[in-house]
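Below is one structure, written out as structure tokens; comments come after it.
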Amino acid sequence: MKVVISLGGSIISPDEPDYIKNVASLIKKASENLAIYVVVGGGKLARSYINVGRKLGASEEYLDAIGISATRMNAMLLNIFFNKTIPSSIEEACKISPPVIMGGTVPGHSTDAVGAMLAREIRADRFIIATDVDGIYDKDPKLHKDAKKFDKISIKELRRMAGDEWERAGKSAVVDAIACRIIEESKIKTCVVNGKNLRELENAIYGKKFNGTLVEIE
Ligand code: UTP
């Protein structure tokens with residue numbers, strides 16, 4: 001079975017070395033039974049560099065390139081425990097034997113979209129989006145105490161929330177619009193889970209019942 005995991009930059013970051021160590025051992029263990037592909041996000045590192053770059057007048061494409069470098073820096077931290085080549089395209093990722101650890105690829109989308117593209121390409125059984133909240137909410141749970149979590153959400157509703165297209169570097173949406181389109185078109189089984197909660201992340205990876213949000217694709 002093939003599982004693609006998008007590990008948000010909010011959870012893989014230089015601030016949390018213990019987490020990186022623990023999630024690496026979870027991925028190693030899961031790799032004994034599953035083909036695991038991990039796409040790491042840029043998080044705070046990406047956003048701080050993108051914000052400065054934008055103030056300095058860089059183009060959006062240039063800012064995306066900065067963001068991609070940040071995703072690869074974070075991927076390199078996780079890759080300490082795997083010591084493998086980090087692919088820089090979907091094509092390259094497909095040629096490496098799993099586990100595969102990578103970051104972003106080309107400008108114009110987030111690492112969630114890279115994960116969805118990879119899941120489409122390898123015909124993954126599951127796509128796990130691991131973020132720093134417990135799933136998809138009707139509004140940002142960090143800003144609104146009364147935000148309501150969805151146990152399930154239809155891909156149509158998620159697409160409505162995500163908007164239609166990629167807007168700008170560093171923009172943080174629940175799941176980016178490009179990823180949503182690929183998930184819908186390729187009918188990719190998608191789960192959103194709090195990646196900081198290793199037990200729930202493990203449940204989602206193994207296809208067990210998990211606390212998070214299941215994206216309904218039919
Ligand atoms: P992220 O995937 O980390 O974006 O890529 P994000 O929306 O901030 O996600 P979280 O919050 O970390 O989960 C960081 C930035 O890098 C560029 C984009 O500008 C993105 O906002 N990027 C990333 C690309 O242009 N292409 C890629 O393939 C990946």
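Nothing in this text is a laboratory measurement; each read-out follows from the coordinates by a stated rule. What you see is a predicted model, and the numbers here were worked out from it, not measured in a lab. Cβ sites come from the backbone with ideal geometry, for glycine too, and all protein chains shown count toward neighbours.
Couple of notes before you dig in:
- Springs join every pair of Cα atoms under 10 Å in this Gaussian network model of the chain, and among 35, 179, 147 the largest mean-square fluctuation is at 147.
- For the Cα trace of region 1-147, dividing Rg by the Kirkwood Rh returns an Rg/Rh value of 0.98.
- When each of the peptides 54-67, 71-84 is scored by the mean number of other C-beta atoms lying within 10 Å of its residues, the order from highest to lowest reads 71-84, 54-67.
- The chain - percent relative contact order, Cα under 8 Å, separation 6 or more: 24 percent
- Extents of region 63-110, largest first, come to 30, 22, 12 Å (Cα atoms, principal axes, whole angstrom).
- What you get for region 1-118, charging only the Cβ of Lys and Arg (+1) and of Asp and Glu (-1), is a dipole of about 180 debye around the Cα centre.
- DSSP beta bridges in the chain [antiparallel fraction, %, rounded to 5]: 20 percent
- The charge dipole of the chain, taken about its Cα centre with unit charges on the Cβ of Lys, Arg, Asp and Glu (plus for the first two, minus for the last two), comes to roughly 380 debye.
- Electrostatic tally near residue 200: other residues with Cβ closer than 15 Å to its Cβ, Lys and Arg +1, Asp and Glu -1, net +2.
- Computed from backbone phi with θ = phi - 60° and the Karplus coefficients 6.51, -1.76 and 1.60, the 3J(HN,Hα) list for region 132-138 is 9, 10, 7, x, 9, 10, 6 Hz; x is used for glycine and proline.
- Under 12 Å, Cβ to Cβ, from residue 66 - net charge with Lys/Arg +1 and Asp/Glu -1: 0
- Only one residue of 66, 177, 103 has its Cα farthest out toward the positive end of the dipole of the chain, where Lys and Arg carry +1 and Asp and Glu -1 on Cβ, and that residue is 103.
- At q = 0.11, 0.16, 0.22, 0.23 Å⁻¹ the log10 of I(q)/I(0) for region 87-218 amounts to -0.37, -0.81, -1.51, -1.60, computed by Debye summation with a single uniform scatterer per C-alpha, solvent ignored.
- Label positions at residue 44 and residue 1, each projected 7 Å from the Cα along the C-beta direction, are separated by 3.4 nm.
- Candidates 29, 196, 149, ranked by Gaussian network fluctuation over the chain, Cα under 10 Å, top entry: 29
- Tensor-based shape of region 7-63 (alpha-carbon gyration tensor, a/c under 1.5 rounded, otherwise prolate or oblate): oblate
- Cross-link pairs beyond the 19 Å C-alpha cut-off, checked among 44/196; 28/189; 44/208; 55/142; 139/209: 28/189; 44/208; 55/142; 139/209
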